[in-house]
Amino acid sequence: MAKKQLKIGLAAYGSGWDNDAWRLPESANIGLKDPSVILDVARIAERGKLDYVFAGSSLATEPDRWGRIFRWDNTAYGAYAAAQTKNVGFLLTYNTSFEHPFFVARQLATLDNFSGGRVAFNAVTGIDREGGPTDNFANWPLPDQDTKYSRVAEFTEVLNQLLYSWDEDFLLDDKEKGQLVRPGSWHPLDYSGEHFVVKGPLNVARPIQNAIPNVHVGASQRSVEYGVKYAHARFAPYLGHEAGKQEYARQKALIAADGRDPDKFKILPGVTFYIGATVNEARAKFRQIQEFTLGKQIPEAIGRAVGVELVDVKPTERFFDVVDIEKIGPDTLKALIPEAVQRRQPAGNARAGTDDREWLQRTVVDQLGEDVTLADVYQFVVKRRFGQGILVGDAKRFADFLEDGLEDEVFDGVQLFPPYHRGPADLFVDLVVPELQRRGIFRTEYEGKTLEQNLGTAE
Ligand SMILES: Cc1cc2nc3c(=O)[nH]c(=O)nc-3n(C[C@H](O)[C@H](O)[C@H](O)COP(=O)(O)O)c2cc1C
């Protein structure tokens, strides 16, 4: 029997995802003003036969976070990069708390036609934080949780109806009879809801794909409910191996209970990755990045969380020499996230469901070795923004992680976040992809022409 295949996305930002890696001598931060960097991300993804590139949404301005001051506009990016690629998909994020489904339907339908069916839609409801969208849309504050989710549901209903409001064979082009379009080939919505009133139909031809893949992200129960009803995939937090397995089974069971095929619903956690030709090289890179934030506050913070005095200890001290593992409770390390960082985390997703001691032993030590330092542990906790997984290692370790996760049903694939450009994404494609192909768990050629065919979400 053919082996199950991984699905892989690659995040496209002008600079990398890690808050500090932009300071590496080799980081090409020019991507904040030069589109060739983010275009390269799409080309690299296509060279590696990856499913799609992912562009998150930002209606916020974060001038204090140097790596992420600017975000290119997703729709313009998708059009620009699709014109210069052939197969790779574009997962584009839209903020349903602020945007309007008629505009977004026009953009997605246009792009799907222009790209030959390679667009996907990621609905986010927005992050409430300093420098968040509310600062830029003051007359339109971020809705509360209930309103966010009633709005995203309505948004999706309207979007889906608009996208497919024309029949495929609408164009008669009958010059003799003077009939350009077939009568009855368009279907007004006459939608009137709590948030949107849209008559329709759309004024763009229907998409090439039968259903533009809807990839949802969020960590709450409401987000899960939305996913079951509308999404084809979830860009999920990475909960670790055991908790991830349980969550995977729960999600797939919900899809099956809704009468849908669970195999066509993909679970894709986000993973930030630090890759090297050898494990030691990767660990050295991870530690080189840490050097930029190494400080006295790290031992102090760990000491406070664990309940021991570590004021005079160096951040590079071996963790297990100065901290008794017995002092690590289920939530001890979660307390390490400083107030400011915690406020930036979407509610409830920090690492719910994982036990800190198990996570420390299983994940952190597994990636960085027994000589893990205080700074390593600190960085591992803080870098898990949005519940993202962290991978440090060589191609074999990456392939093992991906193969184990796929076989044990922890996930169907991953969405990769390069810590900086250029380098890591190329290394993944050059070193890890061939290893995955050799193991028979990743394509050697794109199966289909459209993203829904490649991603395996097509009904
Ligand atoms: C992994 C992850 C990635 C996210 N990416 C974005 C993003 O790019 N833009 C955005 O506005 N919100 C983003 N969000 C926030 C969600 O849209 C949502 O507002 C937030 O998670 C709160 O909803 P929840 O309680 O259902 O998780 C992200 C959330 C998660 C968990």
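Odds and ends about this structure:
- Only listed residue being in contact with a Leu (Cβ under 7 Å, 6 or more places away or on another chain) and free of Cβ contacts under 8 Å to residues at least 24 places away in the same chain, chosen from PHE411, PHE401: PHE401
- If the condition is being within 10 Å of the ligand (Cβ to nearest atom) and either assigned to a helix (DSSP H, G or I) or open to solvent by less than 20 Å² (accessible area, probe 1.4 Å) (or both), then the range 236-248 contributes only ALA236.
- Test for TYR13: is it in the same structural domain as ALA120 (by TED's automatic domain parsing) and open to solvent by less than 10 Å² (accessible area, probe 1.4 Å): no
- Test: residue in the range 269-284 that is within 28 Å of VAL433 (Cβ to Cβ), touching a Gly at 6+ places or on another chain (Cβ under 8 Å), surrounded by fewer than 21 Cβ atoms within 10 Å (Cβ to Cβ) and free of Cβ contacts under 8 Å to residues at least 60 places away in the same chain: yes
- Residues considered: ILE212, ILE208. Of these, the only one that is part of a loop (DSSP other than H, G, I, E, B), touching a Ser or Thr at 6+ places or on another chain (Cβ under 9 Å), within 22 Å of HIS232 (Cα to Cα) and among the β-branched types (Val, Ile, Thr) is ILE208.
- Within the range 124-151, the set of residues being assigned to a helix (DSSP H, G or I) and either touching a Lys or Arg at 6+ places or on another chain (Cβ under 9 Å) or away from the ligand (no atom under 14 Å from the Cβ) (or both) comprises GLN145, ASP146, LYS148, TYR149.
- Residue match in the range 22-44 (condition: in contact with a strand residue (DSSP E or B) (Cβ under 6 Å, 6 or more places away or on another chain), touching a residue at least 40 places away in the same chain (Cβ under 8 Å) and in a loop (DSSP other than H, G, I, E, B)): no
- Taken as a whole, the structure places PHE103 among residues that are under 23 Å from VAL198 (Cα atoms), away from the ligand (no atom under 16 Å from the Cβ), out of contact with any Pro (no Cβ under 7 Å at 6 or more places or on another chain) and in the same structural domain as PHE235 (by TED's automatic domain parsing).
- Only one entry of GLU435, GLU370, GLU403 meets the criterion of being part of a loop (DSSP other than H, G, I, E, B), surrounded by fewer than 21 Cβ atoms within 10 Å (Cβ to Cβ), charged (D, E, K, R) and at pLDDT 90 or above, and that entry is GLU370.
- PHE386 meets each of the listed conditions (1) modelled with pLDDT of 85 or more; (2) within 18 Å of VAL414 (Cβ to Cβ); (3) assigned to a helix (DSSP H, G or I) apart from (1).
- Of all residues making up the range 289-335, the number that are open to solvent by 70 Å² or more (accessible area, probe 1.4 Å), of a type in the set (S, T, N, Q) and at pLDDT 85 or above: 1
- Any hit, the range 155-167, residues being farther than 19 Å from TYR230 by Cα and touching an Asp or Glu at 6+ places or on another chain (Cβ under 7 Å): no
- Filter result for TYR420 (assigned to a loop (DSSP other than H, G, I, E, B) and either buried (at least 24 other Cβ atoms within 10 Å of the Cβ) or not assigned by TED's automatic domain parsing to the domain that holds THR272 (or both)): yes
- Pairs, first within 12 Å of the ligand (Cβ to nearest atom) in the range 220-231, second open to solvent by less than 80 Å² (accessible area, probe 1.4 Å) and of a type in the set (Gly, Ala, Ser), C-beta under 7 Å, six or more apart: SER220/GLY348; TYR226/ALA153
- Among the candidates HIS187, HIS195, residue that is surrounded by 16 or more Cβ atoms within 10 Å (Cβ to Cβ) and at pLDDT 95 or above: HIS195
- Residue match in the range 449-459 (condition: open to solvent by 10 Å² or more (accessible area, probe 1.4 Å), of a type outside the set (D, E, K, R), modelled with pLDDT of 95 or more and under 15 Å from LEU6 (Cα atoms)): yes
- Filtering the range 41-57 to residues that are at pLDDT below 95 and open to solvent by 30 Å² or more (accessible area, probe 1.4 Å) leaves only SER57.
- Put simply, of ASP18, ASP34 the only residue that is of a type in the set (D, E, K, R) and over 26 Å from ILE390 (Cβ atoms) is ASP34.
- Within the range 205-219, if we keep just the residues that are at pLDDT 95 or above and open to solvent by 20 Å² or more (accessible area, probe 1.4 Å), the residue that is farthest from the ligand (Cβ to nearest atom) turns out to be ALA205.
- Filter pass, LEU189 being over 21 Å from the mean Cα position of the chain (by Cα), part of a loop (DSSP other than H, G, I, E, B), within 12 Å of the ligand (Cβ to nearest atom) and not aromatic (Phe, Trp, Tyr): no
The values are calculated or read from the model by the stated rules, or taken from the named source; none is laboratory data. Everything numeric here is computed off the predicted structure, so don't read it as measured data. Using ideal geometry, Cβ is built from the backbone for each residue, glycine included, and neighbour counts are taken over all protein chains shown. The area values use the complete protein model at the heavy-atom level, side chains included, leaving out ligands, DNA and RNA. Shrake-Rupley method; radii C 1.70, N 1.55, O 1.52, S 1.80 Å.
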